[in-house]
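For reference, the structure discussed in these notes is given below.
Each reported figure results from applying straightforward, stated rules to the coordinates on display, with no laboratory input. Predicted model only: the values in this text are computed from it and were never measured. So basically every Cβ, Gly included, is an ideal-geometry build from the backbone, and we count neighbours across all protein chains shown.
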Amino acid sequence: MTNALQLSVPDGVPYIDYSREVDFPVADVFNAHRDPELISQWLGPRGMKMEMDHYDFVTGGTYKYTHTGPDGVPYDFSGIFHTVRENEFAIQTFEFSGYPDVVSIESLTFEDLGNGRTRLTSHGVYPTMEARDGMASSGMEDGLGQGYDRLEELLASLAGARSPQEAS
């Protein structure tokens, strides 16, 4: 993919920020974050099997899913969607079984760049520097990068599957 993930782990603050541009319209990108059937096709690194327990991308909704690697090791993720504004913004909690008892709060902004392009911007806040550093060293950057590559591949396949009348 031509759109690289930009990840920032600033010194001295318990934050992780990232952004990624996507060559698809905001509505399509938002829908791929909302629809559990689509989420399970792109979220996370390649080679992981995803089992969706539940995923309700609405204000007050919750989610829980498991990624299992080729080695058979499961990684559980869960949280609550505190605010979801269609095609604009989401705030959620995020819990990863690799760091039990650590909950981060993450925002995700969907920005329309025009010409059918979107910028995703995320800000994650961790309870301690140790928790932030643990997440940053967990393979997060590689997993996010691969996931967003997979998102673009999925959106391209969905756009290719539309009839000419639907695409216009």
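For this structure, a couple of remarks:
- Only helices reaching 24 angstrom along their own axis (Cα) with mean Kyte-Doolittle hydropathy no lower than 1.0 count here, and not one DSSP H run of the chain does.
- For the range 16-97, the list of trypsin sites (Lys or Arg not before Pro) that fall in a loop by DSSP and count at most 12 other C-beta atoms within 10 angstrom reads 46.
- For residue 83, residues with placed amide H under 5 Å, excluding near neighbours: 60, 91
- For the range 30-149, the gyration tensor built on C-alpha atoms gives a rounded shape. Its axis ratio a/c (a ≥ b ≥ c) stays under 1.5.
- Across the chain, the longest piece that holds none of the GluC sites (Glu not before Pro) lying in DSSP loops with up to 15 other C-beta atoms within 10 Å covers 1-85.
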